[in-house]
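This report concerns only the one structure given below.
Every number in this text was worked out from the coordinates using simple rules, so none of it is lab data. All values derive from a computational prediction rather than experimental measurement. Please note: Cβ atoms are built from the backbone with ideal geometry, for glycine as well, and neighbour counts cover all protein chains shown.
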Amino acid sequence: MNGYMGFIGVSTEQSSIMSIFPVWAKILDLPTRTLIGHDLPIGATALEYVRLVEQIRDDPHHVGALVTTHKMGLYAATNNLFDELDDFSTLCGELSSISKRAGRLIGHAKDPLTAGLAAREFLPDDHFARTGGHVICLGAGGAGAALTWYLAERTDTPALIVVTDTAQSRLDHLRAVHVRRGTRQGLIRYVLVDDDQVTHDVLDAAPAHSLVVNASGLGKDRPGSPVPDGTPFPHGAYIWEFNYRGTLEFLAQATAQADAAQLTVVDGWRYFIHGWSQVIAEVFNIDLTEDRITQLSEAALIVR
C-alpha cells in the first residue's frame, strides 16, 4: 500500500511519535510506515478544520488520522462530514480518531478508553473506597471529559469529582455531557477559576490520597501550570500529568513535593502510548493484546 496516516496537532514535528511510528508500523506489519503531521494553530477556524477533513476524506492514500488539541473544535466544525460517529464522540462533542471503512468516513473519541487503560496501570482498583480520596481534574476540555467519563463508569467511583476551568463555557459543555450521559447528580462539582486562589482552595480542601490531574493542556502547547506556585498538593495524593513533553511545569511542581508529601507522580507517557496505539488499531482495523501494547511501549522507549 502506498499510503500514510495523519497526525493533527499544533506542533507535530516535536512529538516522539514521528520517530516511533515507523518502528511500530514494522512491529504491527502495517501497510505503511509513513506518518504526516497536519499542524493547525490553537483557535483554528472552522474553515481550516473543514478543509483538512475533506482532504483526508478525498485522498485515497490518506488512511486516517489521530487528533490532539483540536478534538472539540474539529468535531464542532466537521461532524456533518462523517458517515459514522461513535457514542463517546457525539456525547462529548470531540474527535480523536479519523478512519475509513469501505469509502465511509468514521470518527471516534478514544480518550475515555485511553484514560481508563492508563489509569488502571497505576491507580489501584479499590483506591477511592479504601482511602476516601477525591478527584481534582484541572481542565474541563476533551481530556477532562474523557477522564470524568471513565471515573463515572469505574466500579470504585470516587465520592466527589471536582472539575475546574478558566472558561465557564467549557464547564457548561462538560456539565451538559454528563447530563446527557446520565451521570449521577452530586458526583461532579464544576468550579470556575477566575482567580489563582480558587485552585489553591480546591486543592487545600481535597482529602489525602486524592487524584489530581492536569487536563488543562498547560505545560504542553502553552507554558504554565493550572496550579499556582507554592500550592501544596494533598498528602499521599496521586498526581497525574497528562502531558509527556513540553515545559511540564505542573510535573515539576509535583516532583518537588513528592518526598515530603508522599506523592505518587505519574507523567503522560503511558497515556500517550495507549492513545496512539488505540487509534492506530482503529485506523488499520487490527486487534491489540496487552502483550503487544507492552512490546510497543518498550520499542517506543528505545527510540523516544
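What FRET efficiency do you get for VAL23 and ALA260 if R0 is 51 Å and r is their Cβ-Cβ distance, rounded to the nearest 0.05? Please list the in-between numbers first.
Details: r = 39 Å, r/R0 = 0.77.
Efficiency, from the Cβ-Cβ distance: 0.85.
Using only alpha-carbon positions, what ratio does the radius of gyration of segment 113-267 give when scaled by 2.2 N^0.38 Å? It would help to have the intermediate numbers written out before the result.
Working: Rg = 14.2 Å, N = 155, 2.2 N^0.38 = 15.0 Å.
Rounded to two decimals, the normalised Rg is 0.95.
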**Q.** Among VAL191, THR12, ALA256 the positive-end extreme of the charge dipole of the chain (Cβ point charges)
**A.** THR12
Q) Along the charge dipole of the chain, which of VAL266, TYR150, ASN79 sits closest to the positive end, that is, farthest toward it, with unit charges on the beta carbon of Lys, Arg, Asp and Glu (+1, +1, -1, -1)? A) ASN79
Q.
Just to be sure I understand the model, the point goes 7 Å from the Cα along the line to the Cβ. What's the resulting ARG51 to ASN79 distance in nm?
A. 2.4
Q.
Using 10 Å bins from zero, what percent of all Cα-Cα pairs in segment 25-148 falls into each bin?
A. 11, 37, 31, 15, 6, 0
(Q) Just to be sure I follow: if Rg is taken over the C-alpha atoms of the chain and Rh is the Kirkwood radius over the same atoms, what is Rg/Rh? (A) 0.96
Q | Descending Cα extents along the principal axes, segment 153-235, whole Å | A | 37, 29, 22
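How big is the charge dipole of segment 113-267 about its Cα centre, in debye rounded to the nearest 20, if each Lys and Arg gets +1 on its Cβ and each Asp and Glu gets -1 on its Cβ? Spell out each step's value before the answer.
Values: 12 positive and 18 negative charges, 131 e Å.
Value, rounded to 20: 620 debye.
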Q | Cβ-placed point charges (K, R +1; D, E -1), dipole of segment 1-144 about Cα centre in debye, nearest 20 | A | 200
Q: State to the nearest 20 debye the size of the charge dipole of the chain about its Cα centre, where the only charges are +1 on K and R beta carbons and -1 on D and E beta carbons.
A: 520
(Q) Quick check: the distance between the Cα centres of segment 258-280 and segment 75-148, to the nearest angstrom? (A) 16
Q | Over segment 241-304, equivalent-ellipsoid semi-axes from the Cα gyration tensor in Å | A | 29, 12, 10
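Could you work out [θ]222 nm for the chain from helices alone, using -39500 (n - 2.57) per DSSP H run of at least four and dividing by all its residues? Round to the nearest 500 deg cm²/dmol. Spell out each step's value before the answer.
On the way: 12 runs with 135 residues, N = 304.
Helices in the chain give a 222 nm mean residue ellipticity of -13500 deg cm²/dmol.
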(Q) Taking every DSSP beta bridge with both residues inside the chain, roughly what % is antiparallel (nearest 5)? (A) 20
Q.
Can you return the lysines within cross-link range of LYS71? Criterion is Cα-Cα under 22 Å, with same-chain partners fewer than 8 residues away left out.
A. LYS100, LYS110, LYS220
